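Heads up, the thing below is written out as structure tokens.
The values are calculated or read from the model by the stated rules, or taken from the named source; none is laboratory data. Remember, predicted model here, so these are calculated numbers, not experimental data. Positions of Cβ are generated from backbone atoms using ideal geometry, with glycine treated the same way; all protein chains shown enter the neighbour counts. The accessibility values were calculated without ligands, DNA or RNA, using every heavy atom of the protein model including side chains. Shrake-Rupley method; radii C 1.70, N 1.55, O 1.52, S 1.80 Å.
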Amino acid sequence: MNSKADTLLLFGATGDLAQRMLLPSLCALHADGLLAPELRIVGTARSAMSDGEFRNFARAALEKYLPAERRGPLADFLNRLQYAPLDVTEPGAFAALAERIGEHCNRLAIFLSTAPNLFETTIAGLAAAGLTCEGARIGLEKPLGLDLASSREINDAVASAFPENRIFRIDHYLGKETVQNLLALRFANVMFEPLWNAQHIEHVQITVAETVGLESRADFYDSTGALRDMVQNHMLQLLSLVAMEPPSSFEAEAVRDEKVKVLRALRPVGAGESVTGQYRGGAVQGQIVPGYDEELGRDSDTETFVALKAHVDNWRWKGVPFYLRTGKRLHERVTEILVQFRCVPHSIFEGVRSKPNKLLIGIQPEENITLSLMAKVPGLDRDGIALREVPLDIAMPDAFSGKDRRIAYERLLLDLIECDQKLFVRRDEVEAQWSWIDAIRAQWASEGLTPKTYAAGSWGPSAAIALAERDGVSWHE
């Protein structure tokens, strides 16, 4: 098939994701000359709009969410936009959409951002209208199910119309520059890979902390919880990139083959290796905020915080714990990976305390890499040598001056248009992730585990601190 699409069909084109991320990303790509001149963008949703009304809607979103210096001439981008109203629950409505797409089906890229319970209906409608022809590809926004069984139902529905090499399952974390830079750090620098194993690494921490509460996602979040909302996708993808073996090439299948091996090597989480929590009222960044039950308007046992101790049972990582934690209404917004190296086997500096090296990879809000080393304190050393931990910082925006900080969806949308699957998740990855997550939830049910409360603005329940400190480990804060 022709690798580049000439039509991008956006389902959910009037939704929050489209306003905040999709339309701004596409406009920024257009401004940088990265979209082919012939590419047209067709939005669809239930709202009745003309092309002109949709363009006005898009203009308002761009002026609100995309910095002026990244927009370029808005009129040129807006002229790419068309709109076709569609109620996906009415099978006959897809015929009008197919007529709007016209003869472009063989070079069609579809971005599906709808409720998961509409996936099967939508794909059936696309297939009946002839919009799943050879050359069409589809991007799927999470969540892809709530457990392994429902995920398989969705994947089966998608597979009935599209082969695996034309299915793009989206995890927007994989579009972040620093996440991709993790691969460059590991596999383009000879100094790291020989040390990237159990002999030299003591433990790994992965933190995804949010300061926000439920916002507009109350019903969805309460039926999902932190484990399924964050750990199942974002955090396990980060873990697999940290722990994977070197792929044979930077091709999509080679990278994804190594990631799925890690996910299948995850040991089931044992008793005492998980902590759940739910926030109560408190102060976040100086603002008084309500508790989860107050925001929700009812009592609930849904977890808003999870901490786990995970193990990858293979030769490279045998005995190295991976500590994962994520939660809402925490002390600060941060996503980071900490690789803690072991102490030197023998110190020649008698009486001087030497700290082990650590590598900190910041993903958000700031993208940076910090390597902490021991260095000599300047001086004549008449009372003996003194050592101090010194950080070597690489702030990515500073290291590459003149480069725009891109929205993660810019790369993912461009890869969907150009049919590059490297940064998308394969079906066996999704199912390996769900298998591990389902086992954790089954264990919680069997143990009667309920979330421990924690104050908004803290780092979660005290039990999460104890989870790491039992092993002599402190969370990086």
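In segment 310-338, the qualifying residues are those that are charged (D, E, K, R) and farther than 30 Å from Gly281 by Cβ, and the one that is surrounded by the most Cβ atoms within 10 Å (Cβ to Cβ) is Arg316.
Quick check on Leu144: is it open to solvent by less than 50 Å² (accessible area, probe 1.4 Å), touching a helix residue (DSSP H, G or I) at 6+ places or on another chain (Cβ under 8 Å), aliphatic (A, V, I, L, M) and modelled with pLDDT of 90 or more? No. Determine, yes or no, whether Glu258 is outside any strand (DSSP E or B) and either open to solvent by 40 Å² or more (accessible area, probe 1.4 Å) or on the phi > 0 side of the Ramachandran plot (or both). No, not satisfied. Scanning segment 163-190 for residues being under 30 Å from Asn106 (Cα atoms), touching an Asp or Glu at 6+ places or on another chain (Cβ under 7 Å) and open to solvent by 30 Å² or more (accessible area, probe 1.4 Å) gives a total of 0. Applying the condition of being small (Gly, Ala, Ser) and modelled with pLDDT of 90 or more to segment 75-94 and asking which residue is nearest to the chain's Cα centre (by Cα) yields Ala84. Restricting segment 420-457 to residues that are aliphatic (A, V, I, L, M) and open to solvent by less than 40 Å² (accessible area, probe 1.4 Å), the residue that is farthest from Val262 (Cα to Cα) is Ala456. For segment 22-58, a residue qualifies if it is within 26 Å of Gly102 (Cα to Cα) and charged (D, E, K, R), and the qualifying residues are Glu38, Arg40, Arg46, Asp51, Glu53, Arg55.
Checked against (1) open to solvent by less than 60 Å² (accessible area, probe 1.4 Å); (2) in a loop (DSSP other than H, G, I, E, B); (3) modelled with pLDDT under 95, Glu303 meets all criteria but (3). Out of (1) open to solvent by 10 Å² or more (accessible area, probe 1.4 Å); (2) at pLDDT below 95, what's the single condition that is false for Ile361? For Ile361, the failing item is (1). The listed residues are Val260, Val208, and the only one of them that is modelled with pLDDT of 95 or more and more than 26 Å from Glu469 (Cβ to Cβ) turns out to be Val260. Going residue by residue through segment 226-246, is there one that turns out to be in contact with a Lys or Arg (Cβ under 7 Å, 6 or more places away or on another chain), closer than 23 Å to Asp415 by Cα and surrounded by fewer than 18 Cβ atoms within 10 Å (Cβ to Cβ)? For segment 226-246, residues in contact with a Lys or Arg (Cβ under 7 Å, 6 or more places away or on another chain), closer than 23 Å to Asp415 by Cα and surrounded by fewer than 18 Cβ atoms within 10 Å (Cβ to Cβ): absent.
Of all the listed residues (Val352, Val269), the sole one being of a type in the set (A, V, I, L, M), outside any strand (DSSP E or B) and at pLDDT below 90 is Val352.
Does Leu86 satisfy the condition of being of a type in the set (A, V, I, L, M) and closer than 18 Å to Leu413 by Cβ? When the stated conditions are applied, Leu86 does not pass them. Restricting attention to segment 395-417 and to residues that are outside any helix (DSSP H, G or I) and among the small types (Gly, Ala, Ser), the residue that is modelled with the highest pLDDT turns out to be Ala395. Here is the figure for segment 428-460: residues that are over 25 Å from the mean Cα position of the chain (by Cα) and under 12 Å from Leu148 (Cα atoms) total 0.
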